[in-house]
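What follows is a short report on a single structure.
Laboratory data are not the source of any read-out in this text; all were calculated from the coordinates shown. What you see is a predicted model, and the numbers here were worked out from it, not measured in a lab. Note that we place each Cβ from the backbone using ideal geometry, even for glycine, and neighbour counts take in every protein chain shown.
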Amino acid sequence: MWEKNDTLLKLEGVAKRYGSRSVLRDFSLSVVPGEVVAITGANGSGKSTLLKIVAGLLRATHGKITLLREPDAAERRFHIGYAGPDLHFYNELTAHENLAFLYQVRTGTAQNRAVRERRLEAVGLGERGDDLVAAYSSGMRQRLRLAFATGHEVPLLLLDEPSLALDEKGVALVGEMIAAQRAGGGATLLATNDPREAALGDRTVALGA
């Protein structure tokens, strides 16, 4: 388990540029185990970009990111759960098949069906795991993203607009997931402009302010 008083995640002077356009400028942040940090800001302020950089999906132009004292981006993926609107699934595969494939790519190891069934049940898709994702609604796809993010115990959960397309039960589910992450000693970064989601944070960091 992660030490309560340790720094779980540290960002130092992180910046991202696309050509002449700066999306993030000299951003620094420290996060401790059990903490929930809501990242807010106008569209285009860099919320999603920040989470992708932390996840190792994008390379920062400048700056340093350290997770569990490990600065290597290739290693971070083993310790991070990520759910974002740009996480796409294969329509020709079932939910089980999608989760199995993505987990294999993410960690390099197989995940047994019983584990996937527990995660699908937890997000309300227990009876739809063998359906093709092509038949899923946008809300069901979002639930599947949440199942992927929590496929195994991780110290850091990254949620980008997690309540997107969800009904009231789905919104409540997001709160339960964050509470479970906190109870397990893990931290959460939550990119959002939804006041309901932002209220789940222990503190709020506004980009572009």
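What separates the Cα centres of segment 16-63 and segment 119-169 is a distance of 24 Å.
Using a Gaussian network model of the chain in which every pair of alpha carbons under 10 angstrom is joined by a spring, one finds that among 123, 174, 115 the greatest mean-square fluctuation is at 115. Under 19 Å of direct C-alpha separation, and excluding same-chain neighbours fewer than eight residues apart, residue 10 reaches these lysines: 47, 52, 64. 3J(HN,Hα) couplings calculated from phi for segment 199-208 with the Karplus curve 6.51 cos²θ - 1.76 cosθ + 1.60 (θ = phi - 60°) are, in sequence order, 5, 6, x, 6, 8, 10, 10, 9, 7, x Hz; Gly and Pro show x.
Approximating the spin labels as points 7 Å out from Cα along Cα→Cβ, the residue 107-to-residue 78 distance works out to 1.1 nm. The angle between the Cα long axis of helix 138-149 and the longest principal axis of the Cα atoms of the chain comes to about 70 degrees, rounded to the nearest 10.
Can you tally the net charge around residue 191? Count Lys and Arg as +1, Asp and Glu as -1, for every other residue whose Cβ sits under 13 Å from the Cβ of residue 191.
Working: positive: 47, 52; negative: 86, 160, 161, 194, 197.
Net charge around residue 191: -3.
Provide the FRET efficiency to the nearest 0.05 for the residue 179-residue 206 pair, computing r from the beta carbons and using R0 = 30 Å. Once rounded, the FRET efficiency stands at 0.80.
In debye, nearest 20, what is the charge dipole magnitude of segment 43-148 about its Cα centre with +1 on Lys and Arg Cβ and -1 on Asp and Glu Cβ, if you could check?
For this selection, approximately 460 debye.
The modelled label-to-label distance for the pair residue 86/residue 15, using points 7 Å beyond Cα in the direction of Cβ, is 2.1 nm. Sequence-distant contacts, meaning Cα pairs under 8 Å at least 6 residues apart, place the relative contact order of the chain at 30 percent. The residue 30 and residue 198 beta-carbon pair, evaluated with R₀ = 22 Å, returns a calculated FRET efficiency of approximately 0.65.
Which trypsin sites (Lys or Arg not before Pro) does segment 31-86 hold that lie in a coil by DSSP with at most 12 other beta carbons within 10 Å? Those satisfying the criteria are 59, 69.
The residue among 98, 87, 115 whose Cα reaches farthest toward the positive pole of the charge dipole of segment 75-117, with charges on the beta-carbon of Lys, Arg, Asp and Glu, is 115.
With the simple spin-label model, which puts each label point 7 Å out from Cα in the Cβ direction, the residue 131 to residue 152 separation comes to 2.9 nm.
Helix 113-122 sits at what angle to the longest principal axis of the chain, using alpha carbons and giving 0 to 90 degrees rounded to 10? Long axis of 113-122 versus the principal axis of the chain: about 70 degrees. Of the trypsin sites (Lys or Arg not before Pro) found in segment 95-198, no site is in coil according to DSSP while having at most 11 other Cβ atoms within 10 Å of its Cβ. Think of the chain as a dipole: +1 on every Lys or Arg Cβ, -1 on every Asp or Glu Cβ, centred on the Cα centre; then among 172, 134, 66, 66 lies furthest on the positive end. For residue 152, neighbours were defined as the other residues whose beta-carbon sits under 13 Å from its Cβ, and their charges (Lys and Arg +1, Asp and Glu -1) total +4. Run the dipole for segment 9-206 about the Cα centre, Lys and Arg Cβ at +1, Asp and Glu Cβ at -1, nothing else charged, and hand back the magnitude in debye, nearest 20. The calculation lands at about 660 debye. For the chain, the longest principal axis of the alpha carbon atoms and the long axis of helix 95-107 meet at an angle near 40°.
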